[in-house]
Amino acid sequence: MVQAQRRFTIISIIIPTLNEERSLPRLLEAIRQQGADCEVIVVDGGSEDRTLEIAHDHRVRTLVCSPGRGNGICIGAEEARGEVLFFLHADSTLLPGALDRINEVLATDAKVIGGNFRLVFDGGLSSPGRSRYGTGQSASEQALSQPKGGSR
């Protein structure tokens, strides 16, 4: 018996922001160069810089929420139209083909409901196959792995 592969039509990329005018353009350009269909939602927690203007210039959907990354994630998830939710920090780097890879993995195993990419932090620190949250990292590892800018 041949199992039909799932193919998702839209990946919703949710980016919570706060004063990310320096980081956001690079990420939005990297997303634009992806081959997969996606919607991009920038959820801003009260930026005082050009973050929202940059998001508008890149023609992505923008929402505003109260400060806090968790608020932005929740609002973005509620408003997303895609079948897959992909959360990114504004200072993330998205490699070419990343969205296609998400689709490939989800299409090959119907039991997969989530995942993460290998994380590499400034200074060469990496976290192969594990998320920064809930991993039992020591306080020094957590402090060293915090991204630049944004809110927590």
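The values are calculated or read from the model by the stated rules, or taken from the named source; none is laboratory data. Bear in mind that the values here come from a model prediction, so they are computed numbers and not experimental data. Neighbour counts run over all protein chains shown; Cβ positions are idealised from the backbone, glycine included.
Worth pointing out:
- Residues that are touching a Lys or Arg at 6+ places or on another chain (Cβ under 8 Å) and either surrounded by fewer than 16 Cβ atoms within 10 Å (Cβ to Cβ) or over 19 Å from D91 (Cβ atoms) (or both) within the range 39-67 comprise just one, E39.
- Within the range 68-76, the presence of a residue that is over 14 Å from F87 (Cα atoms) and surrounded by fewer than 15 Cβ atoms within 10 Å (Cβ to Cβ) is excluded.
- Meets criteria (at pLDDT below 95, more than 20 Å from D91 (Cβ to Cβ), under 16 Å from the mean Cα position of the chain (by Cα) and not in a helix (DSSP H, G or I)) for A36: yes
- Checking each residue in the range 97-120 for being modelled with pLDDT of 90 or more and under 12 Å from the mean Cα position of the chain (by Cα) picks out A98, L99.
- Residue check for A90: among the aliphatic types (A, V, I, L, M), part of a loop (DSSP other than H, G, I, E, B) and buried (at least 20 other Cβ atoms within 10 Å of the Cβ): yes
- Residues in the range 2-30 that are in contact with a Leu (Cβ under 7 Å, 6 or more places away or on another chain), surrounded by fewer than 22 Cβ atoms within 10 Å (Cβ to Cβ) and either at pLDDT 95 or above or of a type in the set (S, T, N, Q) (or both): S12, A30.
- Some residue of the range 8-24 being out of contact with any strand residue (DSSP E or B) (no Cβ under 8 Å at 6 or more places or on another chain), part of a helix (DSSP H, G or I) and touching a residue at least 40 places away in the same chain (Cβ under 8 Å): no
- For the range 16-40, residues that are within 23 Å of E104 (Cβ to Cβ) and of a type in the set (V, I, T) total 2.
- For the range 25-54, a tally of residues being without any contact (Cβ under 8 Å) to a residue 40 or more places away in the chain and either in contact with a His (Cβ under 6 Å, 6 or more places away or on another chain) or not hydrophobic (A, V, I, L, M, F, W, C) (or both) returns 13.
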